[in-house]
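To keep things clear, I will list the structure first and then write my remarks on it.
The values are calculated or read from the model by the stated rules, or taken from the named source; none is laboratory data. Note that the coordinates shown come from a computational prediction; the quantities given were computed from them, not determined experimentally. Every residue, glycine as well, gets a Cβ built from its backbone with ideal geometry; the counts of neighbours run over all protein chains shown. The area values use the complete protein model at the heavy-atom level, side chains included, leaving out ligands, DNA and RNA. Shrake-Rupley method; radii C 1.70, N 1.55, O 1.52, S 1.80 Å.
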Amino acid sequence: MPTAELEHAISPATPTPDGTMKALVYHGPGKYGWENKPRPTIQHPSDVIVRVTTSTICGTDLHILKGDLPAVTNGRILGHEAIGVIEQIGAAVSEFHVGDKVIVSCVTACLKCDFCKRGMYSHCRHGGWILGYTLDGTQAEYVRIPEADGSLYHFPAGADEEAMVMLSDILPTGFECGVLNGQVKPGDTVAIIGAGPVGLAVLLTAQFYSPAAIFMIDLDDKRLAVAKKFGATTLINSSDGHAAHQVMELTEGAGVDVAIEAVGLPATFAICQEIVAAGGRIANVGVHGKPVELHMEKLWDRNISLTTRLVDAVTTPMLLKVVRSGKLQPAKLVTHRFAMNDIMKAYDTFGNAARESALKVVLTNGEPRG
């Protein structure tokens, strides 16, 4: 979303008084600013307070700024991805200590409720996706993390913060909502609609299962070129409106075994329906702010499956091991770096991704690395 469309007020990056901090604050569709806010405090025994060292901006944050998620209210601090250091802990926290460096999961999990026991952390009765949504988030100098024992991961010694922050959200989201829900198997033909950061995370993790072909569909040739470097076998620019026709031609009319929607628009969801093969799967990853048409008149007899999901982050421990091994290198998704005080510039860059050739934008509390 072009940031020029937003009416934001930039607060000066001045030192904060005692007991306050700087944070990115939402004030309704198109309105946000870098402002002074009270520092969070321990409210429940399971809480910790994390001093944020690295954060990033998600496409979901842009959906919030457009007003697509009305549950986000005026005054909310945005952000749900971070690396940081624990400054305070509640009395019930047993797995972490003051001074520990941690990866903040975008999903808060109590580990005790019925949904958590089913592995559906996204629907935890005491958490789920709340950071930067219904609870103040991570685009700030400090953040309160509830249910800390189930919502944080120890930061591996010597690891790269830029790689590790991708484990907060983007990697488990792409893997769980796209690859696992799409049931990607060896030899499958896979189409990913959307070569943004989440679509590229789907691309990286789909290759765990050796699909025979991966079609990447997007409007932006620069992003498609990145997808080629990351393992896509066929690139399709959809700007002419004929992407579905090209896929059907390339598959000799069969379509793809797995169509993964990674944008969140009616047009991209429609492409999935047009290209899915008989017996295939459509896996939705994108955040949708508008209704889409489900063409049951064409799909009722096609034996397809359609899945939706909010990331549960149940695969984060496994993904952490793969990243640590070097076999998965998510830091390659980072294209721009900003100090946290320059977050307004970062939003302008990320919101104008095509113009700026932006994928992931990393924010650091301190000087960004070059």
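The table below lists the values:
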| item | result |
| --- | --- |
| Filter result (touching a Phe, Trp or Tyr at 6+ places or on another chain (Cβ under 9 Å) and of a type outside the set (A, V, I, L, M)) within segment 232-245 | Thr233, Thr234 |
| Some residue of segment 12-34 being of a type in the set (S, T, N, Q), buried (at least 18 other Cβ atoms within 10 Å of the Cβ) and either touching a strand residue (DSSP E or B) at 6+ places or on another chain (Cβ under 9 Å) or at pLDDT below 50 (or both) | no |
| From Ile236, Ile214, residue being under 14 Å from Thr268 (Cα atoms), open to solvent by less than 10 Å² (accessible area, probe 1.4 Å) and assigned to a strand (DSSP E or B) | Ile236 |
| Residues (among the hydrophobic types (A, V, I, L, M, F, W, C), over 30 Å from Gly150 (Cβ atoms) and assigned to a helix (DSSP H, G or I)) located in segment 316-370 | Met344, Ala353, Ala354 |
| Residue list for segment 45-68, restricted to those being of a type in the set (Val, Ile, Thr), assigned to a strand (DSSP E or B) and open to solvent by less than 10 Å² (accessible area, probe 1.4 Å) | Val48, Ile49, Val50, Val52, Thr54, Thr56 |
| Residue list for segment 166-183, restricted to those being open to solvent by less than 10 Å² (accessible area, probe 1.4 Å), more than 15 Å from Val287 (Cβ to Cβ) and aliphatic (A, V, I, L, M) | Met166, Leu167, Leu171, Val179 |
| Which numbered condition Ala157 fails, given (1) hydrophobic (A, V, I, L, M, F, W, C); (2) open to solvent by less than 50 Å² (accessible area, probe 1.4 Å); (3) assigned to a loop (DSSP other than H, G, I, E, B) | (2) |
| Filtered residue count, segment 69-111, keeping only those that are open to solvent by 10 Å² or more (accessible area, probe 1.4 Å) and assigned to a loop (DSSP other than H, G, I, E, B) | 18 |
| Output for segment 251-283, where each listed residue is of a type in the set (A, V, I, L, M), buried (at least 17 other Cβ atoms within 10 Å of the Cβ) and not in a loop (DSSP other than H, G, I, E, B) | Val256, Val258, Ala259, Ile260, Ala270, Ile271, Ile275, Val276, Ala277, Ile282, Ala283 |
| Of all residues in segment 112-148 being among the aliphatic types (A, V, I, L, M) and outside any loop (DSSP other than H, G, I, E, B), the one that is most open to solvent (accessible area, probe 1.4 Å) | Leu135 |
| Residue in segment 212-223 that is touching an Asp or Glu at 6+ places or on another chain (Cβ under 7 Å), more than 28 Å from Leu62 (Cα to Cα) and at pLDDT 95 or above present | yes |
| Tally of residues being modelled with pLDDT under 95, within 19 Å of Cys106 (Cβ to Cβ) and of a type in the set (D, E, K, R) across segment 62-94 | 1 |
| Hey, Ala195 small (Gly, Ala, Ser), open to solvent by less than 10 Å² (accessible area, probe 1.4 Å) and in a helix (DSSP H, G or I) or not | no |
| Pick from segment 327-351, criterion over 22 Å from Ile64 (Cα atoms) and polar (S, T, N, Q), ranking: most open to solvent (accessible area, probe 1.4 Å) | Gln329 |
